[in-house]
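Q: Okay, handing you the structure first.
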Amino acid sequence: MTQDEFLTAALRNPANQAITDELHRVALPDAWLVSGCLVQTVWNALTGRPIDYGISDYDIFYFDPDTSWEAEDAVIRALKARLSHLGVAIEARNQARVHLWYPDKHGLPYPALSRSTDGIDRFLTATTQIGIRRSTDGYDVYAPNGFDDVAGMIVRPNLTANFSAANYAKKAARWKALWPEITVLAAK
């Protein structure tokens, strides 16, 4: 699967299109639509399911040096209001502050990040290490592992310092129940 083929399939989901358009309009710093909402849209296109089937939420990463909860909460509320017409769950997170709460919530290390793509690099699955954003002349795509696993419907663990085998197993089991065609690779 090429980048263009991936984008064409991912943007068949009107929510993905609307969210990336809105992020471009509001110029949130270093903002990306990321992860499952993209990959799962492509899986739905590949398997002939409704384009939004099985997508639980739409994740937005951005990077703002203001690491206060109040600043992040204001962004979360503003994006939810601006995108409420879509009728989907929006999860926006400032990647500049993840290191402040992640160790307490998950009991695992999480070094400070310097940009949103650093957060994408730490995803639980290598398969979902993808982000897209609108640019003035089209789309930027961040996909350090390419698109072969997406096209092959392979779920591969991303064995970073913050990897959790239990969380991976839980996520993979949910996905396998929704998309029985996927192949889930074991965490080693």
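Q: Here is a list: 87, 48, 54. Which entry is touching a Leu at 6+ places or on another chain (Cβ under 6 Å), surrounded by fewer than 20 Cβ atoms within 10 Å (Cβ to Cβ) and within 26 Å of residue 9 (Cβ to Cβ)?
A: Result: 54 is the single residue among 87, 48, 54 that is touching a Leu at 6+ places or on another chain (Cβ under 6 Å), surrounded by fewer than 20 Cβ atoms within 10 Å (Cβ to Cβ) and within 26 Å of residue 9 (Cβ to Cβ).
Q: Now, a different point. Suppose we keep only residues that are part of a helix (DSSP H, G or I) and touching a residue at least 60 places away in the same chain (Cβ under 8 Å) within the stretch 138-166. Which one would you say is most open to solvent (accessible area, probe 1.4 Å)?
A: Only one residue tops the list, namely 148.
The values are calculated or read from the model by the stated rules, or taken from the named source; none is laboratory data. Keep in mind the model is a prediction, meaning the values are calculated, not measured. Note that we place each Cβ from the backbone using ideal geometry, even for glycine, and neighbour counts take in every protein chain shown. The protein model used for the area step is the full one, side chains on, heavy atoms only, and it has no ligands, DNA or RNA in it. Shrake-Rupley method; radii C 1.70, N 1.55, O 1.52, S 1.80 Å.
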